[in-house]
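Colleague: First the structure, then my questions, so here it is.
The values are calculated or read from the model by the stated rules, or taken from the named source; none is laboratory data. Treat the numbers as computed from the prediction; the structure is a model and nothing was measured. Positions of Cβ are generated from backbone atoms using ideal geometry, with glycine treated the same way; all protein chains shown enter the neighbour counts. Ligands, DNA and RNA are excluded from the accessible area calculation, which covers all protein heavy atoms including side chains. Shrake-Rupley method; radii C 1.70, N 1.55, O 1.52, S 1.80 Å.
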Amino acid sequence: MSHAGHTVPAPAGFVPHTVAHHFESQEQEYQSAKLGFWLFLVTEILLFGGLFVAYFYYHTVHHDAFSIGGKQLSWKLGTTNTAVLLFSSFTMAMGVRSAQLSQKKAMLTYLVLTFLCACGFLVVKYFEYSAKIDHGLGAGSMFHPHDPQLLGYEGLSMFFALYWTMTGIHGFHVLCGMVVIAWLIWRGAKGELHAKHYMPVDIVGLYWHLVDLIWIFLFPLLYLVP
Amino acid sequence: MTTLDAAAPGHGHGHGHSAHAEAHGHEHDHHVCGVPTFVGILLILFVLTVLTVGVSHFDFGRFNMWIAMAIAAVKASLVISVFMHVLWDTTINRIFFLSSFLFLGLFFLFAFADLLARGDLVKAHARPAPLDASDISEWGPGTKEHKFFEQFKNREKNGKAKGH
């Protein structure tokens, strides 16, 4: 009953899932999707890995400039965003769990909460970004610090180039996460996600935890510059 | 189909391995984590975040970086093993994901072998070149401060021209 092309009976009130014809069983379909997604996450680790190598390299060379750079960022806003993302990782994990248990209402609630946390994160980021622009602390050619105390620190522009690149790519991931979470909410509302087919929730969950994972390292490196 | 109910909430290791599930390999045969586990992990993550911020206010010299990264690594492994279910995932998935950190390690190893072999680079740039700008109150083109800035830029340019 879980063979290729077969429709797997769904719990009462849910839409049944049909196994794609090229899979032998639903388990094979699930495991293939999972393995494929883990591979994607590996490429994500290596993408951010390159940026982390760049960070540590220039942190070693321009230690004092990085220290000054970190002080220009608000550690309070950074901590707030860390808490928001950690909490959203929790709600996402709870959403996956609710899907596994066919608890539609709970799943939708947790997914909406995760989505709202992502919005909150980006709103805080917006205020941080505009403050940096206002102080002339942009990336590359947009780096013209208004505070004369910041002149003369070689490597400070490198700190801000890394700050913008790393948080920018991370923020883009948050935005993409919001799109796929919205997709889950839409499908979940239609009753397509349940104990017999929660793979999409599981996979988006993995993605969202990775976004959290990257931030766990970005936060101390940029806001607290050790 | 009550396999899932057997793997219900609160049972940390609720593998619903009924004969039926094994015969047909349904999706619902996977591990379901208990709510207390997730709540516990979240609380630990919050405590570790507070710890990271707290520690950053003390000066331990070069050890600040090691402490911050050690705490981040603990947080990351909690997220990976519990939130991402790696503890209960298949061996092949675990190998694939964790191998990325191995390759990342190689990346760091060679980048830093290069950097540390060039000790002069680190030394040459380690000192900041602070300007005596304590009397500067305004900023903009035409002001004394701006001239000062231009001077600094020229100084930098000349330095580079000399092959510094």
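Colleague: Could you compute how much accessible surface A:I181 exposes when probed at 1.4 Å, giving the result in Å² to the nearest 10?
Modeller: For A:I181, the solvent-accessible surface is approximately 0 Å².
Colleague: Still on this structure: Find the accessible area per residue for segment A:4-137; the probe is 1.4 Å, ligands and nucleic acids are left out, and the unit is Å². Walk me through the numbers before you get to the answer.
Modeller: Values: 5450 Å² over 134 residues.
Ligands and nucleic acids excluded, the figure is 41 Å² per residue.
Colleague: Continuing with the same structure: Express in Å², to the nearest 10, the accessible area of B:V47 obtained by rolling a 1.4 Å probe over the protein heavy atoms while all chains stay in place.
Modeller: 100
Colleague: By the scheme Lys and Arg +1, Asp and Glu -1, what is the net charge of all other residues having a beta-carbon under 15 Å from that of A:V180? Please report the intermediate quantities before stating the final value.
Modeller: Working: positive: A:R187; negative: A:E44, A:E192, A:D202, A:D212.
Residues near A:V180 contribute -3 overall.
Colleague: Quickly work out the A:L35-to-B:F110 label distance, labels modelled 7 Å from Cα along the C-beta direction, and quote it in nm with one decimal.
Modeller: About 2.8 nm separates the two model spin labels.
Colleague: Could you work out what % of the accessible surface of segment A:44-223 is carbon and sulfur, using a 1.4 angstrom probe and leaving DNA, RNA and ligands out of the count?
Modeller: Numbers: 4310 of 6060 Å².
The value for segment A:44-223 is 71 percent carbon and sulfur by accessible area.
Colleague: Rounded to the nearest 10 Å², what accessible area does A:S130 show when all protein chains are kept and the probe is 1.4 Å?
Modeller: Estimated to the nearest 10 Å², A:S130 gives 40 Å².
Colleague: Follow-up question, since we're still on this one. Name the residues of segment A:151-170 whose accessible area falls by at least 10 Å² when all protein chains are present instead of the chain alone, probe 1.4 Å?
Modeller: Output list: A:L151, A:G152, A:Y153, A:E154.
Colleague: Another one. Kindly give the semi-axes, whole Å and largest first, of the ellipsoid equivalent to segment A:44-223, taking each as the square root of 5 times a Cα gyration tensor eigenvalue. It would help to have the intermediate numbers written out before the result.
Modeller: Details: eigenvalues 276, 45, 28 Å².
Square roots of five times the eigenvalues give 37, 15, 12 Å.
Colleague: Given a 1.4 Å probe and no ligands, DNA or RNA in the count, how much accessible surface is buried by B and A, both sides, to the nearest 100 Å²? Please list the in-between numbers first.
Modeller: Working: alone 13070 and 11360 Å², together 18290 Å².
Buried surface at the B/A interface: approximately 6100 Å².
Colleague: What is the Cα coordinate range of segment A:84-173 on the first, second and third principal axes, sorted by size from largest, in whole angstrom?
Modeller: So the three principal-axis extents are 59, 19, 18 Å.
Colleague: From the protein chains alone at 1.4 Å, what is the descending order of accessible area for A:I185, A:I133, largest first? Present the calculation step by step, with values, prior to reporting the outcome.
Modeller: On the way: A:I185 40, A:I133 80 Å².
From most exposed to least exposed: A:I133, A:I185.
Colleague: Next question, about the same structure. Computed over the Cα atoms, what is the radius of gyration of segment A:1-57 divided by 2.2 N^0.38 Å, N being its residue count? Show your work: numbers first, answer last.
Modeller: Numbers: Rg = 18.3 Å, N = 57, 2.2 N^0.38 = 10.2 Å.
Expressed relative to 2.2 N^0.38 Å, the Cα Rg reads 1.79.
Colleague: How would A:L175, A:L221, B:L116 line up by accessible area, probe 1.4 Å, largest first?
Modeller: Details: A:L175 90, A:L221 0, B:L116 120 Å².
So, going from the largest accessible area down, we get B:L116, A:L175, A:L221.
Colleague: Provide a list, ordered by number, of residues in segment B:80-96 showing at least 40 Å² less accessible area with every protein chain present than when their chain is taken on its own, using a 1.4 Å probe.
Modeller: Hits at the 40 Å² cut-off: B:F83, B:M84, B:N93, B:F96.
Colleague: Charges on Cβ only, +1 for Lys and Arg, -1 for Asp and Glu, centred on the Cα centroid of segment A:81-226; of A:L213, A:A93, A:N81, which one is farthest towards the dipole's positive end?
Modeller: The residue sitting most towards the positive pole is A:A93.
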